[in-house]
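The values are calculated or read from the model by the stated rules, or taken from the named source; none is laboratory data. These numbers were taken from a predicted model, which means no experiment stands behind them. Remember, those area values only see protein heavy atoms, side chains included, never the ligands or the DNA or RNA. Shrake-Rupley method; radii C 1.70, N 1.55, O 1.52, S 1.80 Å.
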Amino acid sequence: KNITPKSYFENDKNSNYRVAKRLRNIRITVRSYLRDFFLIALGIFSASFGFKGFLLTNKFIDGGATGISLLVSFITDFPLSILIVFINIPFVIMGYRTMGIQFAVKTTLAILGLSLCLTFVDFPIITNDKLLVAVFGGFFIGAGIGFAMRGGAVIDGTEVLAIFLSRKFGMTIGDIILVINIIIYSAAAYFLGIEIAMYSTITYLAASKTLDFFVEGLEEYIGVTIVSNHNEEIRDMIISSLGRGVTVYYGRQGYV
């Protein structure tokens with residue numbers, strides 16, 4: 001087979017392009033993983049600081065899987081670091097089924113990292129004022145969960161359970177989380193006292209709002225623009241099935 005100088009040059013050029021493109025994709029992937037690792041690590045330390053610097057000394061709890069772990073730890077004196085791992089195992093399995101293997105691996109590493117941080121890292125006790133403990137403890141835990149979610153993982157599996165159940169039973173994610181937390185705080189009121197349960201509710205609210213800020217930003221809405229020939233069917237589905245509002249734009253061709 002004869003290869004002309006021109007074709008040889010073009011093949012060499014295409015080969016160099018493919019190599020450069022492959023190297024660029026590798027750099028982008030590595031940079032993305034390093035960013036995710038940094039965010040997850042930051043989330044682990046923030047949540048650990050919220051636990052050991054605020055909540056544990058006052059027996060306050062949070063909502064979700066972390067709240068269950070704290071409640072069981074206070075009742076049984078079982079180590080919190082071990083409880084967080086075991087209680088989140090079903091949520092990791094659900095995450096694998098609903099979100100995929102990458103999410104499950106990141107979540108597993110994040111939960112194990114949180115457990116190790118709670119075991120081996122010492123944090124100072126900041127204050128014993130109950131209101132400050134409730135507010136700032138919730139803030140640092142919410143920030144930790146938010147950082148981890150930005151990194152593609154979770155350190156509290158309640159959201160995964162809510163997504164799983166919402167797909168199975170047709171309920172909204174918010175309603176499921178609300179029901180779970182009502183059960184958790186009712187148990188806290190029974191075992192730890194009504195006052196601690198009330199302060200713990202403040203902790204949950206602070207953590208929830210902080211999480212919303214880190215994930216959604218200041219403007220807590222997501223807008224999607226859909227261009228389709230089936231616009232009426234899509235509009236009806238969004239309104240009737242999702243219960244969301246829509247805005248219809250009318251346009252005309254700009255190119256003549």
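Summary table below
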| read-out | value |
| --- | --- |
| Flagged links, alpha-carbon separation over 31 Å, of K59/K209; K59/K168; K52/K168 | K59/K168; K52/K168 |
| ³J(HN,Hα) computed for each position of the stretch 70-76 - Karplus, 6.51 cos²θ - 1.76 cosθ + 1.60, integer Hz, glycine/proline x | 5, 4, 5, 5, 5, 6, 9 |
| Segment T76-N231, length gained on full extension (0.36 nm per residue, minus Cα span) | 50.1 nm |
| Rounded, prolate or oblate (a/c below 1.5 giving rounded, otherwise prolate when a/b exceeds b/c) for the stretch 104-152 by Cα gyration tensor | oblate |
| Fraction of accessible area attributable to carbon and sulfur, the stretch 33-160 (%, probe 1.4 Å) | 73 percent |
| Phi to ³J(HN,Hα) by Karplus 6.51 cos²θ - 1.76 cosθ + 1.60 over the stretch 132-141, Hz, x for Gly, Pro | 5, 4, 5, 6, 7, x, x, 4, 5, 5 |
| Ratio of Rg to Rh over the stretch 101-207 (Cα coordinates, Kirkwood Rh, two decimals) | 1.00 |
| 1.4 Å probe accessible area per residue over the stretch 46-181, in Å² | 44 Å² |
| Gyration tensor (alpha-carbon) shape descriptor, the stretch 50-143, a/c threshold 1.5 | prolate |
| Gain on full stretching of the segment that runs from L131 to S240 - 0.36 nm per residue minus C-alpha separation | 35.0 nm |
